[in-house]
Each structure stands twice: as structure tokens, then as C-alpha cells.
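Below: one structure, written as C-alpha cells.
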Amino acid sequence: MRRTRIAEVLSTERIGQTVNVKGWVRFFRQGRFLLLNDGSTIHNVQAVVDQEHFDEARIRKLTTGAAVSVTGEVVASAGTGQVVEIFVSDVTILGEAQPSEVQKTILQPKTHTLETLREQAHLRFRTSTFGAVFRIRHALAFAVHQYFNDRGYFNIHTPIVTAADAEGAGEMFQVTTLPLDRLPRTPDGLIDYGEDFFARKTSLTVSGQLEAELAALALGQVYTFGPTFRAENSNTSRHLAEFWMIEPEVAFNDLQDNMDLGEDFLRYCVRYATVHCADDLNFLHQREVKAEAQLLKDQRNEMPLLERLAFVIDNEFARLTYTEAIDVLRDSRPYKKGRFTYPVEWGTDLQSEHERYLVEKHFKKPVILVDYPAETKAFYMRLNQPDDQGRETVAAMDILFPGVGEIMGGSQREERLDVLRQRCDAFDIPAEEMWWYLDTRRFGTAVHSGFGLGFERLVMFVTGMGNIRDVIPFPRAPKSADF
Ligand code: 4AD
Ligand code: MG
């Protein structure tokens, strides 16, 4: 008999029909009620097992975690909590579960710490929380492609191994086949990369942007969606060493167009999740409300998850310049009372405490900051006219979200060859290695803009998960690359 997914059994009227479902045992209650989940939905199906019909050995194997196949009639449920259940006529154990003591506690339907689950990557998929998170992650990835496809963008696969440091931040993981214990040397003692696989020094990419710019200046509007790698030693709840980034790049768009695109795109993704992942979001919402009940009032989110999502869908983001943000911060109570740990000074990077104040306390909604000091941002961002005090800024934009901070970073690109060359020099970027990038400014250069959305930060916001390691199946972070 063909298997029916549990999502389908629960969502369609099948009373009186015989179905076969296959899944994993969540729980076997009172020697009679078997709760099964097959990953297709957050909901379990209840299968009623009449013990008299089955030998004891088989019943004993119906333990949490076991894979089973159940055949039976769909009947209206007498109990509360489910509309239908399956009255079992046959049950087969497909794979017994022999969990260790630790694994047993994990498989029990009670809350476990997310940290413990991170060490059990194979079992964490089996929990309701992570089932919900990864179904939502899938829906969001799908929404990304839907959004751009519907609007005539082309998906470009940019390289993972690259010789270019797009962000110029020197946080790259090197890729080499050279024997590390006996490196080939040039006559003057340097490492001879001519002997390496690609006959040059290569690394894992930190961004597909530079390559996407080449494509945008021919195909008009493109986007990348791929893994990116950063060897920054940030052991925080918002940083991964391997994360996924979405980078649209659009010819003829200026910074204003770029902001409009970023805001519309983010709203679309959040709305998509609320429409397509209602059950999973409801579950995560309840989970958060329960967890926060244990916290002091000022440690809780100001709005529960579903309200936060609705709020982003319904409200326009605040837009202001970096310079205006500095003024807001200097005028704030925490600044005046000396409660910020880091100084608030024009020309320095905003710290997460400052970003949080702007988003969560002052504006109480997502914020788009533009026109950052030139020294704090990457070489490819377009240089603005100096301000009335002669300070240099670039046409950068960062979008800040409650709970996650910077979710998106982008800019209008420097399309003027002479200015771009000066910026390369200022950042010590060897122009001869960047000939292919600089050449785009020689052959029909044009105003163009783009941004990078950190996919995991989006998933964090939508699921309400507090740690970025809990929204990617196999997190990579400093000193941590298990599985
Ligand atoms: O601001 P970033 O560094 O911008 C770029 O890489 C540009 N090339 C994007 C572009 O204009 N095409 O990174 C973009 C986003 C950040 O806003 C953040 O959401 C995410 O990527 N991000 C990270 N996410 C997880 N872990 C990390 N270590 C991240 N670093 C950046
Ligand atoms: Mg950034």
C-alpha cells in the first residue's frame, strides 16, 4: 500500500479510508496511543493500537524514536487534541530505537536545552522545535527564489573558491593542496603558490558580490544565493563561520532604489512565512511565550513572535543617515546616563548596543541606516560628496532588525573608474589583481546597487530563535565543526 504523508492524512477528509503511514514514534501512551510524526508537519497523528491484536514482542518495540509503518482505518477521534486518528490493523517495526541514556532524554517530549541538542545533530531534527525551524528555513529559501523569479531577476552561481577578497576584511579561509609540512618556497623564501592547485593563492568566498556585479552589468538584474565563509573569530549568537547569503545586484538602481528593494524583499519573505508556515509559527510562538514566562519582564521581547512578524509586514521601516543616528544616540537616556559600554563618536562603527537602542527602544521598528563614514565600509561603495564639515561618507545601507541587529548590508557601487582606483589604493587592494572588476568601469559603466541578506539572520527573526546556531542544520563556528 502506498504511504500517505501525515500532513495529508490530517488535512483531508479521509474518514472510513484505510491508509498507510510511516514515521517515527514520538510517544506511546497507556500502551494504546501511538503518536507518530513523519516530518511532513508539526502535528503527530495518533494511531490507536489494540494490544490484544498484536504480540507482546512487537508492542515492546514501540519505543520513542523507532521507525514504524502503520496501516489502519481513519476514524473520527473520540479524544481531544485531534480530529482524526488511525485505528491500527497492522503495525511493522522498520527500525528499532536503541538510544543511549542521553539520547533517551532528548527523544522524550519535554523541553531540553538547545545547547544539548546541538551536540546531537541527528536527533535534533526529530524534535518539534527543529522540525518547525527547518521547515520554515525551507519555505524562506523558496520565497527568496520566488520573489526574484517573479520580478525578472536571474540567479547567478558565483564561485565558492576565489582569489578575490570582496570585503577586504582579510577574514578568508585559505584553500590549498600544498603539503603544509613542507611548503614549496620561491628563491626569496616566500611560499610558492605557483605550485598550488590553482597556481595562485585561493580562499573560500566571503561574498559573491563582485562576480554578481559583472553579471548585473550585462543581465541587468541578478541575484546570488550561496554559502559564504568568514574566518572572523566572533563567538556570538549572531555569527557563523559558514552562512548563506542572498545578494541581488541591479544595474541602474541607486541607493534609494536599493533601500526600496531591500525593504520590500524582507517584508515579502516574512509575509510568505506567515502564510505558508502558520502551524510551525504558532508552535514557535507558544514555545516562546512559555519560555519567556520564566523571565523578568525587561528580559522578554516587547511583542510575542507572531506580533513581531505582523508588525514588520504592516509598518514601514525608519530611514535615516548614520550622522542622524549618532545624534539620536547622543541625545538618548542611556548615553546621558553613561549606560553604553562603547563610545558614540562620529567615524566609529556602531556597536550592537547602539543598534539595539535605535531599533528596539527609539524607533521600535526596523531601521535603515545610510551614508556611513567611508573608512568603516568596503572599498566598492560609492563615495558621497563630503558633508558640510568635510567628512567623507559612502552610499552604504544597513538594515537593522529587532533581536538580530544587522540583517542586511548593501550599497550603491562606485561606478567611476578613477574614484574606484583611489579607493583600491586606500585599502591596499592590488589593482592588477582586480583588473576584471575594474574593467567593468571601462566598458559601459553604470550606476548600480545591491545588498547582502544574511539568510540565517532572516531565519532567526522569523522563527524567534535566539542563537544563529539553531537555525542552520550543521553550524560552523570557531572551534566547532562537528558532523
Ligand atoms: O555586511 P556584509 O559583510 O556585506 C557583504 O558581504 C556585501 N558584499 C553584501 C552586498 O552588498 N552584496 O554581509 C551581509 C550580511 C550581513 O548584513 C549579515 O546579515 C550577514 O550577511 N552576515 C553574517 N551572518 C552570519 N554570520 C556571519 N559571520 C555574518 N557576517 C555577515
Ligand atoms: Mg555589514
query: Can you tell me how many residues in the range 166-181 are crowded, with 16+ Cβ neighbours inside 10 Å and within 15 Å of ligand 2 (Cβ to nearest atom)?
result: 4
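Grab the strands (runs of 3 or more DSSP E) fully contained in the range 332-425, keeping just those with 1 or more residues being without any contact (Cβ under 8 Å) to a residue 24 or more places away in the chain.
Per the criteria, 393-401.
So which residues in the range 406-423 are surrounded by fewer than 20 Cβ atoms within 10 Å (Cβ to Cβ) and either closer than 21 Å to LEU217 by Cα or within 16 Å of ligand 2 (Cβ to nearest atom) (or both)? Walk me through it before giving the result.
Pass one, the range 406-423, residues surrounded by fewer than 20 Cβ atoms within 10 Å (Cβ to Cβ): 406, 415-419, 421-422.
Listed by number, the residues that qualify are GLU406, GLU415, ARG416, LEU417, ASP418, VAL419, ARG421.
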task: Could you tell me whether the range 104-122 includes any residue that is surrounded by 15 or more Cβ atoms within 10 Å (Cβ to Cβ) and either more than 29 Å from GLN286 (Cβ to Cβ) or among the acidic types (Asp, Glu) (or both)?
output: no
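Filter the range 429-442 for residues that are assigned to a loop (DSSP other than H, G, I, E, B) and touching a residue at least 12 places away in the same chain (Cβ under 8 Å); which is farthest from PHE125 (Cα to Cα)?
Across the range 429-442, the extreme among qualifying residues is ARG442.
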message: Against the definition (of a type in the set (S, T, N, Q), more than 10 Å from ligand 1 (Cβ to nearest atom), modelled with pLDDT of 95 or more and crowded, with 17+ Cβ neighbours inside 10 Å), how does THR186 come out, yes or no?
response: no
- prompt: List the pairs whose first member sits in the range 187-199 and is among the aliphatic types (A, V, I, L, M), whose second member is in a loop (DSSP other than H, G, I, E, B), and whose Cβ atoms are under 6 Å apart, counting only residues at least 6 apart or on separate chains?
  reply: ILE191/LEU183
message: Looking only at the range 447-482, count every residue that is away from ligand 2 (no atom under 16 Å from the Cβ), polar (S, T, N, Q), touching a residue at least 24 places away in the same chain (Cβ under 8 Å) and not in a helix (DSSP H, G or I) and tell me the total.
response: 1
query: From the set of residues in the range 234-287 that are surrounded by 21 or more Cβ atoms within 10 Å (Cβ to Cβ) and among the charged types (D, E, K, R), which is nearest to the chain's Cα centre (by Cα)?
result: GLU247
task: Please work out which one of (1) in contact with a helix residue (DSSP H, G or I) (Cβ under 8 Å, 6 or more places away or on another chain); (2) more than 30 Å from SER411 (Cβ to Cβ); (3) not in a loop (DSSP other than H, G, I, E, B) is the condition ARG126 fails and give its number.
output: (3)
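The values are calculated or read from the model by the stated rules, or taken from the named source; none is laboratory data. These figures come from a predicted structure and were not determined experimentally. When we count neighbours, we look across all protein chains shown, and the Cβ atoms used for this are built from the backbone with ideal geometry, even at glycine.
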